[in-house]
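Chemist: Dropping a structure here in structure tokens format, bear with me for questions.
The values are calculated or read from the model by the stated rules, or taken from the named source; none is laboratory data. Bear in mind that the values here come from a model prediction, so they are computed numbers and not experimental data. All Cβ positions, glycine included, derive from the backbone under ideal geometry; neighbour counts span all protein chains shown. We work out accessible area using only protein heavy atoms, side chains counted, and drop any ligands, DNA or RNA first. Shrake-Rupley method; radii C 1.70, N 1.55, O 1.52, S 1.80 Å.
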Amino acid sequence: MSIFSDNIVFLRGQKKLSQHKLAEELILTRSRYVSYEYGAAEPPIEVLVRISKYFNISIDLLVTVDIRKFPLEEMVNLPGNKILLPVVVDPEGNSYIEIVPQKASMGYLKGYSDPEFIESLQKMQLPFLKNGKYRAFLADGDSMPPFADQSIIIGEYVETLEDLKINKEYIFVTKDGITYKTFLKRTQKFVTVSADNSLYEPYNIALEDIAEVWRYVRGILPQDYKPYTLPDEANIKHLVEEAKRSISNLESGILKLN
């Protein structure tokens with residue numbers, strides 16, 4: 001039997017329905033429905049949509065996650081039927097914050113919707129962060145400037161892109177990796193973001209490339225972190241522009257000589 005077969009058997013049991021009754025509810029013959037439970041046939045997309053709507057569970061959850069291992073009441077089924085966030089709690093009902101190390105970022109990009117992968121991550125609790133779903137990301141080297149190596153950047157899950165606020169900081173999980181940036185604007189096809197360092201130009205992230213967005217809420221610096229002062233960015237920018245002009249003048253002079 002497939003994960004899908006196991007899931008619909010489980011869900012039918014939760015509702016205490018017979019195969020015949022559920023088939024009627026889904027406008028299917030009993031034999032056709034039974035073939036799905038036994039894994040003898042795969043439902044077409046229109047039937048998958050019907051089953052998804054009936055149980056109010058996303059299609060990717062139905063076909064990729066064994067929901068018997070992760071009770072539905074401990075999960076957040078997110079808008080758009082895109083992904084699933086398991087909510088792991090301690091015996092007192094307090095939510096854990098999973099920590100995603102930078103070295104596991106590629107694994108996270110593949111497993112962010114897999115409860116088993118999320119369960120395998122290290123966890124912590126911060127009692128002052130409540131009433132939301134939080135996740136922590138560990139900076140490695142210069143992976144998430146301006147945060148120093150081994151800083152922990154904590155974000156609160158953003159359910160829809162409509163919730164993004166201009167000039168606020170977010171952690172964007174995209175197909176290219178995990179990045180900390182300031183949100184500038186959104187169009188129908190992309191969001192525009194910028195780095196803290198003004199030397200870098202703002203750039204666009206295609207909406208289709210965004211897997212998750214987390215609103216920055218806290219940063220935890222490493223124990224031996226020592227703040228340092230960067231050279232004045234305005235001065236650096238002036239020097240860069242001067243260098244560009246010098247190179248341009250030099251190139252013009254060479255062309256005249258030729």
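Chemist: If we keep just the residues of segment 159-178 that are open to solvent by 20 Å² or more (accessible area, probe 1.4 Å) and under 11 Å from the mean Cα position of the chain (by Cα), which is nearest to PRO202 (Cα to Cα)? Outline the logic, then answer.
Modeler: Kept after step one, since they are open to solvent by 20 Å² or more (accessible area, probe 1.4 Å), are these residues of segment 159-178: 159-163, 165-169, 175-176.
So of that shortlist, the ones also under 11 Å from the mean Cα position of the chain (by Cα) come out as 159, 175.
Numbers: GLU159: 24, LYS175: 18 Å.
The qualifying residue nearest to PRO202 (Cα to Cα) is LYS175.
Chemist: Output the number of residues of segment 2-19 satisfying the condition of being part of a loop (DSSP other than H, G, I, E, B) and either loosely packed, with under 11 Cβ neighbours inside 10 Å or polar (S, T, N, Q) (or both). Reasoning before the result, please.
Modeler: The first filter runs over segment 2-19 and keeps only residues part of a loop (DSSP other than H, G, I, E, B), leaving 2, 15-18.
With the extra rule that they be either loosely packed, with under 11 Cβ neighbours inside 10 Å or polar (S, T, N, Q) (or both), the set shrinks to 2, 16, 18.
Number satisfying all stated conditions: 3.
Chemist: Restricting to segment 113-137, what's the tally of residues that are at pLDDT below 80, open to solvent by 30 Å² or more (accessible area, probe 1.4 Å) and touching a strand residue (DSSP E or B) at 6+ places or on another chain (Cβ under 6 Å)?
Modeler: Adding up the residues that qualify gives 2.
Chemist: Those residues that are of a type in the set (Asp, Glu) and either open to solvent by less than 90 Å² (accessible area, probe 1.4 Å) or under 17 Å from LEU161 (Cβ atoms) (or both), I need them from segment 189-222; list them, please.
Modeler: Looking only at segment 189-222, we keep the residues that are of a type in the set (Asp, Glu), and these are 196, 201, 208-209, 212.
The answer is ASP196, GLU208, ASP209, GLU212.
Chemist: Taking the criterion of being assigned to a loop (DSSP other than H, G, I, E, B), open to solvent by less than 100 Å² (accessible area, probe 1.4 Å) and modelled with pLDDT under 75, would at least one residue in segment 228-240 satisfy it?
Modeler: Initially, segment 228-240 is screened for residues assigned to a loop (DSSP other than H, G, I, E, B), giving 228-232.
Filter again for open to solvent by less than 100 Å² (accessible area, probe 1.4 Å), leaving 231-232.
Of the ones still in play, those that are also modelled with pLDDT under 75 are 231-232.
Yes: one or more hits.
Chemist: Across segment 20-32, what is the total count of residues that are open to solvent by less than 50 Å² (accessible area, probe 1.4 Å) and free of Cβ contacts under 8 Å to residues at least 24 places away in the same chain?
Modeler: 3
Chemist: Same structure again: May I ask you to list the residues in segment 138-153 that are surrounded by fewer than 17 Cβ atoms within 10 Å (Cβ to Cβ) and in contact with a Gly (Cβ under 9 Å, 6 or more places away or on another chain)? Walk me through how you get there before you give the answer.
Modeler: Within segment 138-153, the first condition is being surrounded by fewer than 17 Cβ atoms within 10 Å (Cβ to Cβ), and the residues that meet it are 140-142, 145-146, 149.
Result: ASP149, single match.
Chemist: Right, something else. Is segment 123-136 home to any residue that is of a type in the set (Lys, Arg), in a strand (DSSP E or B) and within 15 Å of GLY219 (Cβ to Cβ)?
Modeler: yes
Chemist: Kindly provide the set of residues from segment 33-47 that are loosely packed, with under 14 Cβ neighbours inside 10 Å and assigned to a helix (DSSP H, G or I), ordered by number.
Modeler: ILE45, GLU46
Chemist: Could you grab the pairs with beta carbons closer than 6 Å, sequence gap of 6+ or different chains, first residue in segment 199-222 and touching a residue at least 24 places away in the same chain (Cβ under 8 Å) and acidic (Asp, Glu), second one surrounded by fewer than 15 Cβ atoms within 10 Å (Cβ to Cβ) and assigned to a loop (DSSP other than H, G, I, E, B)?
Modeler: As it stands, the answer is ASP209/LYS175, since those pairs meet every condition given.
Chemist: Give THR192, THR179 a once-over and let me know the one that is in a strand (DSSP E or B) and either closer than 22 Å to PRO101 by Cα or touching a Cys at 6+ places or on another chain (Cβ under 8 Å) (or both).
Modeler: Details: THR192 fails: either closer than 22 Å to PRO101 by Cα or touching a Cys at 6+ places or on another chain (Cβ under 8 Å) (or both).
Of the residues listed, the single one that is in a strand (DSSP E or B) and either closer than 22 Å to PRO101 by Cα or touching a Cys at 6+ places or on another chain (Cβ under 8 Å) (or both) is THR179.
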